[in-house]
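The values are calculated or read from the model by the stated rules, or taken from the named source; none is laboratory data. Bear in mind that the values here come from a model prediction, so they are computed numbers and not experimental data. Here the Cβ positions follow ideal geometry from the backbone for every residue, glycine too, while neighbour counts run over all protein chains shown. What goes into the accessible areas is simple: the full protein's heavy atoms, side chains included, and nothing from ligands, DNA or RNA. Shrake-Rupley method; radii C 1.70, N 1.55, O 1.52, S 1.80 Å.
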Amino acid sequence: QVQLVESGGGLVQAGGSLRLSCVASGSIFSLDVVGWYRQTPGTQRELVAAITSDGRTRYEDSQKGRSTISRDNAKNTVYLEMNNLKPEDTAVYYCFARSDWPPPALSDGMNYWGKGTLVTVSS
């Protein structure tokens with residue numbers, strides 16, 4: 001089993017920044033890809049950013065230039081630095097892990113998931 005625990009969500013004003021963290025534990029040796037999806041009520045989870053163990057990255061278009069994903073393999077931790085946040089970034093952000101690259105733009109049921117952390121951006 002794989003356990004993913006997120007932290008770092010919260011309330012921030014538009015234009016502000018947040019740093020999300022996710023610590024992985026359990027049987028993670030075969031899971032090369034980690035990252036973040038987000039979800040708002042009534043919608044499917046959409047990819048925010050992902051990174052492989054060798055540093056390949058993928059970002060959703062709206063995140064390019066505003067967010068940076070990174071990972072510390074020794075600590076089994078992935079980070080998402082989000083800057084210039086907008087109200088439309090408000091969502092629950094879910095950490096994920098999977099073995100296949102690249103992850104799809106919309107979740108496909110092939111991921112392990114954390115429980116999520118809420119990010120609220122006020123205008």
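Given the alpha-carbon gyration tensor of the stretch 49-95, what are the semi-axes of its equivalent ellipsoid in whole angstrom, ordered largest first, with each equal to the square root of 5 times an eigenvalue? Provide the component values of the computation, followed by the final result.
Working: eigenvalues 86, 28, 15 Å².
Each semi-axis is √(5λ); the values are 21, 12, 9 Å.
When all protein chains stay in place, what accessible area (Å², nearest 10, 1.4 Å probe) is found for SER107?
Surface accessible to solvent at SER107 totals approximately 30 Å².
Express the accessible area of the stretch 1-72 per residue in Å², computed with a 1.4 Å probe while the remaining protein chains stay in the model.
Result: 52 Å² of accessible area for each residue.
Between GLN3 and MET110, what's the calculated FRET efficiency when r is the beta-carbon distance and R0 is 25 Å? Round to 0.05.
So, using R0 = 25 Å, E works out to roughly 0.90.
Carbon and sulfur atoms: what percent of the 1.4 Å accessible area of the chain do they account for? Could you put the intermediate results ahead of the total?
Values: 3110 of 6290 Å².
So the carbon and sulfur contribution to the accessible surface is 49 percent.
Which value, to two decimals, describes the C-alpha radius of gyration of the stretch 1-121 once divided by 2.2 N^0.38 Å?
0.96
Hey, which lysines would be in cross-link range of LYS64, C-alpha to C-alpha under 17 Å, not counting anything within fewer than 8 residues on its own chain?
By straight Cα distance, LYS64 reaches LYS86.
Take GLU88, GLU6 and sort them by solvent-accessible surface of the protein heavy atoms, 1.4 Å probe, largest at the top.
GLU88, GLU6
Magnitude of the Cβ-charge dipole of the stretch 18-66, K/R +1 and D/E -1, about the Cα centre, nearest 20 debye?
Result for the stretch 18-66 is approximately 180 debye, rounded to the nearest 20.
Projected onto the charge dipole of the chain (+1 at Lys/Arg Cβ, -1 at Asp/Glu Cβ, origin at the Cα centre), which of VAL34, ASN111, LEU80 gives the Cα projection farthest towards the positive end?
So the residue furthest toward the plus end is LEU80.
If I take every Cα pair under 8 Å that is 6 or more residues apart in the chain, average their sequence separation and divide by the length, what percent do I get for the relative contact order?
Normalised by residue count, the contact order of the chain is 37 percent.
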